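Presented below is the structure to which this report refers.
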Amino acid sequence: MDFNGGWPAELELLKTVGIAGGLGVLIGLEREFWDKPAGLRTHIMVCAGAALFVLLGKGVMDSFEEGGAALIQADPLRVIQAVIIGISFLGTGTILHRDDRVEGLTTAATIFLTAGIGIAVAVDRLVLATGTALLAVTVLVGIGWLERIVQRGRKDEG
């Protein structure tokens, strides 16, 4: 992606952020349907934000390399690490301890995974990002259905 191409390049980057946000919708809808602490808006923002930070990191690195010689040494993994640390902090806020139960772990995991999807979009891995989002929704819906069947079986036995 060209970071110094003016408006057309900026619009291309914005499209990438929009695609990431759109994939966040897939997971966010499932979380919203079940009235979980982090729903549609959160997952859109996490996915789009992760993509944005990775794109900005690349843009900053590219701007220092314009003269042909790198003015800085950059490690692109540090941007990803920073996103993951920030998202982990956000996910921690969804985990609650109530009585003898822990709630919100799945929502925290979906926030974490959604950030990864946004990162994948930003590094041009759209098939991987889309497949992961679809797999996540399949797991959330399919395993959720299976868990409800198991819970009903436990209640019937008790």
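The values are calculated or read from the model by the stated rules, or taken from the named source; none is laboratory data. Not measured: the values here are computed from a predicted model. A quick note on method: Cβ atoms are made from the backbone with ideal geometry, for glycine too, and the neighbour counts reach across all protein chains shown. To get the accessible areas, we keep the full protein, side chains included, count just its heavy atoms, and leave off ligands, DNA and RNA. Shrake-Rupley method; radii C 1.70, N 1.55, O 1.52, S 1.80 Å.
Looking at Thr132, Thr110, which one is surrounded by 13 or more Cβ atoms within 10 Å (Cβ to Cβ), part of a helix (DSSP H, G or I) and in contact with a Lys or Arg (Cβ under 7 Å, 6 or more places away or on another chain)?
Details: Thr132 fails: in contact with a Lys or Arg (Cβ under 7 Å, 6 or more places away or on another chain).
Residue meeting the stated conditions: Thr110.
Would a scan of region 56-70 turn up a residue that is open to solvent by 50 Å² or more (accessible area, probe 1.4 Å) and at pLDDT 85 or above?
Checked region 56-70: at least one residue is open to solvent by 50 Å² or more (accessible area, probe 1.4 Å) and at pLDDT 85 or above.
Residue-by-condition table, conditions (1) more than 17 Å from Arg31 (Cα to Cα); (2) of a type outside the set (D, E, K, R):
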{"position": "Val79", "(1), (2)": "yes, yes"}
{"position": "Val83", "(1), (2)": "yes, yes"}
{"position": "Ser88", "(1), (2)": "yes, yes"}
{"position": "Thr94", "(1), (2)": "no, yes"}
{"position": "His97", "(1), (2)": "yes, yes"}
{"position": "Arg101", "(1), (2)": "yes, no"}
{"position": "Val121", "(1), (2)": "yes, yes"}
{"position": "Ala129", "(1), (2)": "yes, yes"}
{"position": "Val139", "(1), (2)": "no, yes"}
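Tally up the residues in region 70-93 that are touching a Lys or Arg at 6+ places or on another chain (Cβ under 8 Å) and of a type in the set (Ser, Thr, Tyr), please.
0
Which condition does Gly142 not pass, out of (1) on the phi > 0 side of the Ramachandran plot; (2) without any contact (Cβ under 8 Å) to a residue 60 or more places away in the chain, if it passes all the others?
Among (1) on the phi > 0 side of the Ramachandran plot; (2) without any contact (Cβ under 8 Å) to a residue 60 or more places away in the chain, Gly142 violates only (1).
I need the full set of residues from region 34-52 which are surrounded by fewer than 21 Cβ atoms within 10 Å (Cβ to Cβ), touching a residue at least 24 places away in the same chain (Cβ under 8 Å) and either under 12 Å from the mean Cα position of the chain (by Cα) or on the phi > 0 side of the Ramachandran plot (or both), in order please.
Once the filter is applied, which keeps residues that are surrounded by fewer than 21 Cβ atoms within 10 Å (Cβ to Cβ), touching a residue at least 24 places away in the same chain (Cβ under 8 Å) and either under 12 Å from the mean Cα position of the chain (by Cα) or on the phi > 0 side of the Ramachandran plot (or both), region 34-52 yields Met45, Leu52.
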